[in-house]
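To start, the structure under review is shown below, and the notes come after it.
The values are calculated or read from the model by the stated rules, or taken from the named source; none is laboratory data. Every value quoted in this text rests on a predicted model; they were computed, and no experiment measured them. Note that each Cβ is placed from the backbone with ideal geometry, even for glycine, and that neighbours are counted across all protein chains shown. When the accessible area is computed, the model is the full protein with side chains, heavy atoms only, and any ligands, DNA or RNA have been set aside. Shrake-Rupley method; radii C 1.70, N 1.55, O 1.52, S 1.80 Å.
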Number of protein chains: 4
Amino acid sequence: MKVFEIQGEFGLDNLKPAERADPRPGAGQVLIRMRAASLNYRDIMTVEGTYNPKQPLPLIPCSDGVGEVVEVGDGVTRARVGDRVATTFFHDWVSGMPTRARLRSTLGGPYDGTLAELMVVGQEGIVHPPEHLSDEEAATLPCSGVTAWNALVEHGGLRAGDIVLVQGTGGVSIFALQFARMFGALVIATSSSDDKLQRVRELGSWQEINYREDDGWGKTAHKLAHGVGVDHVVEVGGAGTLEQSLRAVRIGGSISIIGALSGAASRLSVLPILMQGVRLQGLLVGCRESFESMNRAISSNQMRPVVDRVFPFSDAPAAFRYMKSGAHLGKVCLSFD
Amino acid sequence: MKVFEIQGEFGLDNLKPAERADPRPGAGQVLIRMRAASLNYRDIMTVEGTYNPKQPLPLIPCSDGVGEVVEVGDGVTRARVGDRVATTFFHDWVSGMPTRARLRSTLGGPYDGTLAELMVVGQEGIVHPPEHLSDEEAATLPCSGVTAWNALVEHGGLRAGDIVLVQGTGGVSIFALQFARMFGALVIATSSSDDKLQRVRELGSWQEINYREDDGWGKTAHKLAHGVGVDHVVEVGGAGTLEQSLRAVRIGGSISIIGALSGAASRLSVLPILMQGVRLQGLLVGCRESFESMNRAISSNQMRPVVDRVFPFSDAPAAFRYMKSGAHLGKVCLSFD
Amino acid sequence: MKVFEIQGEFGLDNLKPAERADPRPGAGQVLIRMRAASLNYRDIMTVEGTYNPKQPLPLIPCSDGVGEVVEVGDGVTRARVGDRVATTFFHDWVSGMPTRARLRSTLGGPYDGTLAELMVVGQEGIVHPPEHLSDEEAATLPCSGVTAWNALVEHGGLRAGDIVLVQGTGGVSIFALQFARMFGALVIATSSSDDKLQRVRELGSWQEINYREDDGWGKTAHKLAHGVGVDHVVEVGGAGTLEQSLRAVRIGGSISIIGALSGAASRLSVLPILMQGVRLQGLLVGCRESFESMNRAISSNQMRPVVDRVFPFSDAPAAFRYMKSGAHLGKVCLSFD
Amino acid sequence: MKVFEIQGEFGLDNLKPAERADPRPGAGQVLIRMRAASLNYRDIMTVEGTYNPKQPLPLIPCSDGVGEVVEVGDGVTRARVGDRVATTFFHDWVSGMPTRARLRSTLGGPYDGTLAELMVVGQEGIVHPPEHLSDEEAATLPCSGVTAWNALVEHGGLRAGDIVLVQGTGGVSIFALQFARMFGALVIATSSSDDKLQRVRELGSWQEINYREDDGWGKTAHKLAHGVGVDHVVEVGGAGTLEQSLRAVRIGGSISIIGALSGAASRLSVLPILMQGVRLQGLLVGCRESFESMNRAISSNQMRPVVDRVFPFSDAPAAFRYMKSGAHLGKVCLSFD
């Protein structure tokens, strides 16, 4: 089978096509012929060696993918040949508390990921994505979708009437916007591009801020939110934005921080957290049960994830470069057709 | 000022117009010129003497009303002359835990209610209803609206993708349908009338059951809910329906029971609760903070309560009779114009 | 190996010793040499055919047991030979939501249970009980212990200062008393025997009521609870007691109902639930993660379950008869030594 | 009446005795003859001008006090002459959500505080402290006690078996230790003094770390907590300790940050929060309903707050200097006798 793997050392130039032996499913496992994958910023960091510099190579990157079950091992009850399934970000985290072991079971490092024509995964590490979605749409869900769902729903207790601040137009932010709308919440969106803000508005945002033109955008968001501040911030941009987020949030509000971002190593002033009674929640994507709960909501509301652009599998490096450019709004996908 | 009061003894025939001295606001109180009121089943029971047979008479009934502040007492900070305000069901329950004292502070018994041209209430016992609503629409909120909000949101933890069963087309049920839709949930509605089910469908229900034609409607609802059962039931009909609700609900699901209904004295088999791990929650309308939280959601989503029919204040007894007939869908209101 | 099984038809007289082939562990399974078991009222009902009359026979009853791992199958990571482990009530419910499939995976029916010298169970269906406990003490935990923990902690949100009402001196009630004390809560206990109430007092109860001498004991409990009512009731006795429980509980309080009891089929008046805003929660024992959470609390507090009496394995029928007599306080156990 | 007030400009040297006219209670207010007060670090910062440099002077400092009601205004129902009452930190926050208005209503700035022989407060701003406490013990509760209760109970969902890390031996930390013990949780305590650690051990800590001798104490705490990390940290020391706390906490654990501390302006690395899925909660003391809930727990468990030393009211400045020295363990109090 064909795969893409990081060869020799880290770096986008070392993401190369390779041939591996076709895998076969063991007991409790399924063999999937991949149809689509999607990229996350974590995948770029993995390829560049900034996510986990100790990751052994070669590695097949990417955590998100959708395909068709073509063979099942002994004792498999959760899928049948012919089923369309998506991978879960944490292979072994079905439900319950996060533990070190569960959190280590991620695809795309340390385990080989979805940039492969065939994949073997345990039957507990798959879900059936909503039927109304295309393969590419379904492939956007495992990391960005579940992260946004957890931030707002599992941790945030999102309610109609809440005001949610999303930053930029990456995958998690657009999912957060869509889930907020689904729950009857209002969204304040930021971007550096008026064109993107126009598209975000079409997706249902309530207020938009061009942060290039407004370097006090945190305060602006606070004012827009009835002068009281926003209820939730989905924080994706690192420390520079975090200070603005702390200005935007209301007393007693919450900020969910998404991992694996460029500015994540920066430092944060603690005082505003104290004085506003704010909750800062580090996000860990989420378990399979959250994924399934999200799928149900997506199906019920016939929601469609936003796919910015689809590259053929053979152009995977181009997809990585495009995503790194930041030109996208929503998700960048790969198709195996 | 003109009022309607229960005179002499209980009974709809004893709901009579009367003249009382105009009240004046004391310290911390506001004087409201009423513009609209709405009826709840509890008000019918109060007038008929079945809600609280020991209630002293005369009593001005009804808990729900909207009007304009025409005078404020010393120290009032929560409203100004000219504000449009709605009454809260429990005058003294601002937030926090329900206590006996807070639960006793209800309008329309033991306190005089909203069927009066002028009302004096403490400033903690009012809210500012959503601006986009007509007076009659705003007057539907204090009891039915807050009850449905509490059932699904505060107690139920309603989420997108959940399946909600509502029974009949009374005020609470229609609010529950609207809030469920607002949160991206699916609604199964029941009625004895296909015409009403058609109107409910226009309001956004997902599945409808005519319970006249389907005496196993609880099981039907269970099947419709993907064969797993519904997540929440908003139970308004007493013991006969409760047995069906217990068949409809999923393992680990919840049933909110609305008080003050005809069948409330009936008896319930405990076994299905046990075997399904079901939660049965008695509902107590809700506090002012819930009311305000609901108002924010209604405003954000420009939701409009369903007003079935508006009677002039002078025809209050006709409104009670109409409501008792059960012909309505949504709320029956009075206008003071 | 020797086992006890229900042979031919239901009834305590048909609980008979038998010989079965020694089982061997498959992949992901462990073989346990049993050292102790404990009885629950459900086991009596199972043997008598009142729990699930359709249960195929023969069946090895009992869900609770402790033993030593003597062999492990391929891929087992959760236990090693020599480990002391306890069975979980639901073999397949590790964490997350209860589902029909998870709830069907119970030992002692439909699956063979713990009255066997050797048992094979999947590695996900075991826990390591607290080390300071004897085998018999550890064997009391899987059903009664987890049920009481779930009632008060997972569902009840138990806090220091809460007042808990427990009924009688069976396994769940005594565990509830001990957990309530562990959390700094106060306990009102009931029994028909002053001797038992004396022993309950030694275990830390705050108030005791002999319900034989006080047929208004619900009201008495309400009064004792500062005239406000108790926060939680752990309801084990069926409908007769449930009416008293509804009198005992405070406004907004909660009642957890334990399944599988004699009076469970009786009927309940709904009105008090409504008028007091009470929550009635059907209990489903609980998942493995709850069991582990409970174990941690038991270890930290060096708590010791109350073992009333230990019978040798060969006297299993006598243990059932003793438990049925109701003479016990706490748990009735079997020892395989 | 005699008071202590900050005169002219900030600074401990400007905390001076003064004479003011005896106040009288208005409608809804009570007049309290103070018997005891307690100090918090915030009070030192207030006097020194670092808490709120814009605070107008003169100001009577201190938020915590206990006294006897000697007169009540019209309409007062929550207290009678002769009652012993304690002040609440936020005069207007009875229950429900924190709002800007509620959070501004603090005693000891902007409102005059408890260093006065007589005080007038609204009846909603008092509670009845547990009867078994001395006046000084009762005076320790309003700020430190409620803060620790909120950190662990309201926000932390504290359970038996949890492991709690407390830092140093100030008021909040000692309360946190006592509440953790009350709930059956284990405590790891830190101090720079072996003597203090010995006393903390007598109060029930499970493990102690002298952070002077162990500059990797965060990692040490992680190891002590079964190698998994602690469940809750009550963080009182500012940014230097916060980095250690982030090393100590388990995946998915929580850190409550107490405001108003010296190091609060420092900066924090965000990355560990992300990678461990940690929750950081800014603490705002708490509302009256939390105070009452805490009181009930203290009464039920006959818990006694730790009073380090009592100064006479006339020596208030000495008490401030003593507290600033950091020599105390628990609370520093004033007596008005």
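Using a 1.4 Å probe, how large is the accessible area of residue B:144, given in Å² and rounded to the nearest 10?
Here the accessible area works out near 0 Å².
Which residue, B:89, B:311, B:291, tops the fluctuation ranking in a GNM of chain B built on C-alpha contacts under 10 Å?
B:311
Given the whole protein assembly as supplied and a 1.4 Å probe, what does the accessible area of residue D:231 come to in Å², nearest 10?
10 Å²
In degrees, nearest 10, range 0 to 90: what is the angle between the Cα axis of helix B:171-182 and the longest Cα principal axis of chain B?
Helix B:171-182 sits roughly 70 degrees off the main axis of chain B.
Of A:221, A:328, A:303, which is farthest along the charge dipole of chain A in the positive direction, counting Lys and Arg as +1 and Asp and Glu as -1 at C-beta?
The listed residue farthest towards the positive side: A:221.
If R₀ is 51 angstrom, what is the calculated FRET efficiency for the pair residue A:228 and residue B:195, using the beta carbon separation as r and rounding to 0.05?
After rounding, the FRET efficiency stands at 0.70.
Give me the accessible area buried between chains A and D, both sides summed, with a 1.4 Å probe, in Å² rounded to the nearest 100.
About 2800 Å² of accessible surface is lost on pairing.
Could you work out, residue by residue across A:153-164, how many beta carbons of other chains sit within 10 Å of that residue's beta carbon, and then give the average as an integer?
Average per residue, whole number: 5.
Need one value: the accessible area of residue B:93 in square angstrom, 1.4 angstrom probe, rounded to the nearest 10.
Surface accessible to solvent at residue B:93 totals approximately 20 Å².
Kindly flag which residue pairs out of C:196/C:324; C:223/C:324; D:196/D:223; B:2/B:54; D:2/D:196; D:54/D:324 have an alpha-carbon separation exceeding 28 Å in this structure.
Pairs exceeding 28 Å: C:223/C:324; D:2/D:196.
Leaving out ligands, DNA and RNA, what percent of the accessible area of the stretch B:1-114 is carbon and sulfur, probe 1.4 Å?
Result for the stretch B:1-114: 50 percent of the exposed heavy-atom area is carbon or sulfur.
For the stretch C:77-84, what does the Karplus curve 6.51 cos²θ - 1.76 cosθ + 1.60, with θ = phi - 60°, yield as ³J(HN,Hα) per residue in whole Hz, taken in order and with x for Gly and Pro?
Values per residue, Gly and Pro as x: 10, 8, 7, 10, 4, x, 5, 8 Hz.
Within the set of other residues whose C-beta is less than 12 Å from the C-beta of residue D:277, count the net charge using Lys and Arg as +1 and Asp and Glu as -1.
With Lys, Arg at +1 and Asp, Glu at -1, the net is +3.
Counting Lys +1, Arg +1, Asp -1, Glu -1, what net charge surrounds residue B:316 among other residues with beta carbon under 11 Å of its beta carbon?
Cβ neighbours under 11 Å give a net charge of 0.
Taking residue A:219 as the anchor, which aspartates and glutamates have their alpha carbon closer than 19 Å to its alpha carbon, excluding any fewer than eight residues away along the same chain?
Hits, sequence-local ones excluded: A:162, A:208, A:231, A:235, A:243.
Whole number please: convex hull volume per residue of the Cα set in chain D, in Å³?
So the per-residue hull volume is 127 Å³.
Taking residue D:100 in one copy and the same position in all the others, each labelled 7 Å out along Cα→Cβ, what are the pairwise distances from the first, in nm, shortest first?
Nearest first, the other copies' label points are 4.1, 4.6, 5.4 nm away.
Comparing A:285, A:127, A:270, which has the greatest mean-square fluctuation in the GNM of chain A with Cα pairs linked when under 10 Å apart?
Top of the fluctuation ranking is A:270.
How much area per residue is accessible in chain B when the probe is 1.4 Å and only protein heavy atoms are counted (Å²)?
Value returned for chain B: 35 Å² of accessible area per residue.
Which distances, shortest first and in nm, link residue D:71 to the matching position in the other copies, using label points set 7 Å out along Cα to C-beta?
Its label point is 3.0, 8.9, 9.2 nm from the equivalent points in the other copies.
Using every pair of alpha-carbon atoms in the stretch C:156-282, split the distances into 10 Å bins beginning at 0 and state the percent of pairs per bin, rounded to integers.
Histogram of Cα-Cα distances, whole percents per bin: 14, 50, 33, 3.
May I ask you to list the residues of the stretch C:49-65 whose amide nitrogen lies under 17 Å from a point 7 Å from Cα along the Cα→beta-carbon direction of residue B:275?
Answer for the stretch C:49-65: C:49-56.
With labels modelled as points extended 7 Å from the Cα through the Cβ direction, what inter-label distance (nm, one decimal) is found for residue D:2 paired with residue B:304?
Output for this residue pair reads 7.0 nm.
Given R₀ = 25 Å, what would the calculated FRET efficiency be for residue D:97 paired with residue C:97, taking r from the Cβ atoms and rounding to 0.05?
Computed FRET efficiency for residue D:97 and residue C:97 comes out at 0.30.
From the label point of residue B:214, set 7 Å from Cα along Cα→Cβ, how far away are the matching label points in the other copies, in nm, ordered shortest to longest?
Result for residue B:214, in nm, nearest copy first: 4.9, 5.0, 6.4.
List, by residue number, every residue in the stretch B:274-313 with a reduction of 30 Å² or greater in accessible area between the chain on its own and the complete protein assembly, 1.4 Å probe.
B:274, B:275, B:277, B:279, B:280, B:281, B:282, B:284, B:289, B:296, B:300, B:301
If the elastic network links every pair of Cα atoms under 10 Å, which of C:236, C:76, C:164 fluctuates the most in the Gaussian network model of chain C?
Fluctuation is largest for C:76.
Can you figure out the FRET efficiency of residue B:20 with residue D:104, using R₀ = 25 Å and their beta-carbon distance, to the nearest 0.05?
So the FRET efficiency works out to roughly 0.05.
When the solvent-accessible surface of protein heavy atoms is calculated with a 1.4 angstrom probe, in what order do C:155, B:328 fall, highest first?
C:155, B:328
Over the stretch D:156-282, with every protein chain in place, what whole percent of the accessible area is carbon and sulfur at 1.4 Å, could you tell me?
Carbon plus sulfur share of accessible area: 47 percent.
Taking the axis that carries chain B onto chain A, what is the nearest Cβ in chain B, and at how many Å, to the whole number?
B:183, 3
Could you state, as a whole-number percent, how many of the C-alpha pairs of the protein assembly as shown are farther apart than 45 Å?
44 percent
Helix-only estimate, please: 222 nm mean residue ellipticity of the protein assembly as shown, summing -39500 (n - 2.57) across DSSP H runs of length 4 or more and dividing by its residues, to the nearest 500.
Only helices count here, giving -7000 deg cm²/dmol.
Tell me, how many Å apart are the Cα centres for the stretch B:300-337 and for the stretch C:34-60?
That distance is 57 Å.
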